[in-house]
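Data block below; observations after.
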Amino acid sequence: MKQDYEIGMLWVEGPLSYVEVLCAQSFLDAGHHVKLYHYKDVQNVPEGVELVHGDSVLQIDRFIQHGRTGSFALFSDVFRYHLLRQNDRMIWADLDAYCVKPFETPTGHFFGWESPHHINGGVLGLPSDSDALAGLMEMTEDEFGIPEWFPDEDKTELQRQMDAGTPVHVSEMRWGVWGPQAVTHHLHKTGEAKYAFPVEGLYPVSFRDRRLLMRTRTKERIEDMITENTYSVHFYGRRVREFLSSLGGMPEERSWMDEILKKHKIDCDAAPVLSREEKAEKKKAEAMKDLMAIPRVATGKGGENLTDLADRYGSDKGSTKHRYTELYHMLFHPYRQSSITFLEMGLLIGGPEHGVDADRVTKDCPSIRMWLEYFPNAEIHGLDVSDFSWFEHERFTFHRCDMDDRAEIARAIEEISPAPDIVIDDASHASHHQQNAFLEIFPRLQSGGLYVIEDLRWQPDTYEKPGITKTAALFRSWLDGREFQHSDGDIAAQFNALSGDISGCIIEPVRYQKKRKDQVVVIHKK
């Protein structure tokens with residue numbers, strides 16, 4: 001018997017471009033009720049779409065971003081599984097899925113092959129009691145779990161790292177690990193893969209052919225790909241938007257996409273496609289405008305919570321990933337209105353530790369903007385191997401420095417006066433870089449100051465020295481016996497020479513869950 005299905009979509013925050021507006025409108029025009037889940041303000045939503053806060057499905061503290069790209073795809077994967085478990089007559093659709101005809105299914109199963117090798121979850125319908133859905137839900141409860149479908153050699157290596165106390169987080173695994181890979185595996189495992197549409201059903205235009213959608217001369221080829229058995233066309237959102245940007249922001253006249261934009265009466269000028277550079281400039285301008293405003297400190301309430309600031313400025317220290325700000329707000333709040341000196345090392349993700357050239361173009365430094373608002377009377381200093389000298393504020397000073405060179409670190413810290421009261425090391429995360437910085441900077445830290453080292457669980461292959469004692473293990477040894485133990489006797493001696501200046505330290509695990517690996521250490525100076 002035919003059932004009417006609602007369509008569930010997710011857009012965390014920000015404006016929709018006309019690509020997303022088109023996709024949402026296409027489902028409305030096909031007769032579906034559309035629910036758009038969100039966590040912050042969303043603009044350009046078509047009339048008729050129901051806006052629903054995402055907390056009704058999954059609390060924001062489950063946010064996970066991909067370590068290399070920063071994408072919310074991992075969180076989106078988890079979100080859709082929870083959404084389907086909670087709703088019997090709901091089909092998930094990414095906001096880059098264009099509806100060709102109404103979605104219908106007698107069983108609740110609605111998904112399709114994207115290639116001969118995998119089923120995609122960009123459009124996904126599963127009954128709430130589906131065994132595959134149960135498997136996907138269970139899988140996403142363990143962010144350090146080893147995917148059972150990985151090749152044996154990969155599973156062996158991941159198990160070795162887990163046994164060594166350095167498990168690999170899902171955000172550092174290959175792209176799509178909780179998405180198409182997992183969907184395909186669990187549907188095969190339970191036998192539900194038999195319900196999958198052939199490629200023409202949901203993905204008739206492949207990723208490789210996506211640009212044909214926007215070209216005039218290939219309109220007929222697209223029309224040949226879309227058959228009477230096609231329910232939707234996948235636009236591969238970010239990549240299609242990038243190509244549209246290269247075309248001046250619009251598809252070519254009389255292309256297939258141009259025709260459907262006109263068919264659904266989409267006002268493209270009201271929801272333009274912006275290039276990455278335009279988005280970055282817009283975001284920077286809005287952030288700087290906020291930053292230069294009078295600090296918003298609520299009387300009697302201690303001001304805006306640091307986690308809220310982190311989420312607003314896009315820092316991974318907040319609820320979207322690490323949750324460090326929950327600890328920092330407790331530790332730093334007494335300093336909030338004081339005229340302190342604050343130093344952060346490492347100002348933007350995606351640097352040389354990920355194989356990117358140190359001379360990369362940088363257009364944002366979210367945590368610095370966060371600290372400038374959180375500490376309205378502080379002098380904020382930033383240190384990085386890449387150039388952030390473009391960021392100008394009367395209370396901010398940038399120092400360019402290579403953490404591989406202790407002389408450069410010493411030179412940088414000598415330039416900071418008065419000496420820092422709080423230091424956060426969020427630089428490369430290589431063990432010897434963290435230890436170089438501590439040995440040079442901690443002696444110059446103000447008495448009573450706090451020294452923080454982040455991301456202890458992950459070290460980059462590009463920098464990490466084989467056999468070196470990890471920083472977490474180094475401070476664990478001090479906690480256990482008040483003596484630093486290191487594979488390099490000279491380094492151990494240098495740390496032990498500073499032991500008398502340490503009044504204590506705390507080491508917290510990932511997301512403050514006791515069974516997780518060490519993630520952040522805070523050292524207090526006498």
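Report the extension gain between ASP4 and SER339 in nm, rounded to one decimal, defined as 0.36 nm multiplied by the number of residues separating them, less their alpha carbon distance.
114.5 nm
In degrees, nearest 10, range 0 to 90: what is the angle between the Cα axis of helix 73-86 and the longest Cα principal axis of the chain?
Taking Cα atoms only, the helix is inclined about 60 degrees.
Measure nothing fancy, just the Cα-based angle from helix 152-163's long axis to the longest principal axis of the chain, in degrees from 0 to 90, nearest 10.
The angle comes out at about 40 degrees.
What is the dipole size for the chain, taken about its Cα centre, with +1 at each Lys and Arg Cβ and -1 at each Asp and Glu Cβ, in debye to the nearest 20?
It comes to approximately 540 debye.
Give me the percent relative contact order of segment 337-525, please, defined on Cα pairs under 8 angstrom at least 6 residues apart.
Relative contact order for segment 337-525 comes out at 19 percent.
What list of ³J(HN,Hα) values in whole Hz, one per residue of segment 494-500 in order, does the Karplus curve 6.51 cos²θ - 1.76 cosθ + 1.60 (θ = phi - 60°) give from phi, with Gly and Pro shown as x?
5, 5, 5, 5, 9, 4, x
Would you mind ranking ASP209, ASP224, ASP402, ASP426 by Cβ crowding within 10 Å, fewest neighbours first?
ASP224, ASP209, ASP402, ASP426
Going by average Cβ density within 10 Å per residue, which order do the peptides 326-333, 351-358, 73-80 take, highest to lowest?
Ranked from most to least packed, the peptides come out as 73-80, 326-333, 351-358.
If we sort 480-492, 93-105 on the protection proxy, mean other Cβ atoms within 10 Å, highest first, what's the order?
With the highest mean Cβ count within 10 Å placed first, the list reads 93-105, 480-492.
What does a probe at LYS263 reach in segment 7-24, counting residues whose amide N is under 19 Å from the point 7 Å along Cα→Cβ?
In segment 7-24, the label zone of LYS263 (backbone N under 19 Å from the point 7 Å along Cα→Cβ) covers 18-24.
Of all the C-alpha pairs in segment 326-433, what % are more than 24 Å from each other?
Tail of the P(r) past 24 Å holds 22 percent of the pairs.
Would you mind putting 32-38, 470-476 in packing order, based on average other-beta-carbon counts within 10 Å, highest first?
Ranked by mean Cβ neighbours within 10 Å, highest first: 470-476, 32-38.
Using the beta-carbon distance between ARG254 and ASP501 and R0 = 56 Å, what value does 1/(1 + (r/R0)^6) give for FRET efficiency, to the nearest 0.05?
Given R0 = 56 Å and the Cβ-Cβ separation, E is 0.15.
Greater than 19 Å separation of Cα atoms is the criterion. Which listed pairs, LYS219/LYS262; LYS101/LYS262; LYS101/LYS265; LYS155/LYS465; LYS101/LYS263; LYS101/LYS194, meet it?
Flagged as over cut-off: LYS155/LYS465; LYS101/LYS194.
Pop a pseudo-label 7 angstrom from the Cα along the beta-carbon direction at both GLN446 and ASP357 and give the gap in nm to one decimal.
Result for the modelled spin labels: 4.0 nm.
Computed from these coordinates, which is percent of Cα pairs over 42 Å apart: (i) 31; (ii) 27; (iii) 50?
(ii)
Given R₀ = 22 Å, what would the calculated FRET efficiency be for HIS117 paired with THR227, taking r from the Cβ atoms and rounding to 0.05?
0.55
Compare the Cα positions of CYS23, TYR5, TRP458 along the charge dipole of the chain (+1 at Cβ of Lys, Arg; -1 at Cβ of Asp, Glu; about the Cα centre) and return the one farthest towards the positive end.
TYR5
Which one of GLY467, TYR512, GLN494 has its Cα pushed farthest toward the positive end of the charge dipole of segment 337-525, where Lys and Arg give +1 and Asp and Glu give -1 at the Cβ?
Farthest towards the positive end: TYR512.
Below 8 Å between Cα atoms, with a sequence gap of 6+, how large is the relative contact order for the chain in percent?
That works out to 10 percent.
ASP29 to ASP41: extension gain in nm, 0.36 nm per residue of separation minus the Cα-Cα distance?
1.9 nm
Can you report the principal axis dimensions of segment 337-525 using only the alpha carbons, biggest first, rounded to whole angstrom?
The Cα atoms of segment 337-525 stretch 45, 38, 36 Å along their principal axes.
If you wrap a convex hull around the alpha carbons of segment 125-170, what volume per residue comes out, as a whole number of Å³?
Spread over its residues, the Cα hull of segment 125-170 gives 77 Å³ apiece.
Name the long-range amide H neighbours of VAL52: under 5 Å, sequence gap of 5 or more, or other chain; modelled H, no Pro or chain starts.
The list, which skips near neighbours in sequence, is LEU36, TYR37, HIS38.
Which of rounded, prolate or oblate describes segment 90-248 when judged by the alpha-carbon gyration tensor and an a/c cut-off of 1.5?
oblate
State the extension gain, in nm to one decimal, for the chain segment bounded by GLU242 and THR218, taking 0.36 nm per residue of separation less the distance between their alpha-carbons.
6.8 nm
Roughly what would the spin-label model give for GLU172 and ARG208, points 7 Å off Cα along C-beta, in nm?
Rounded to a tenth, the inter-label distance reads 3.4 nm.
Rule-based calculations on the coordinates, nothing more; no lab input. No experiment lies behind these values; they were computed from the predicted model shown. Every residue, glycine among them, receives a Cβ derived from its backbone with ideal geometry; neighbour counts consider all protein chains shown.
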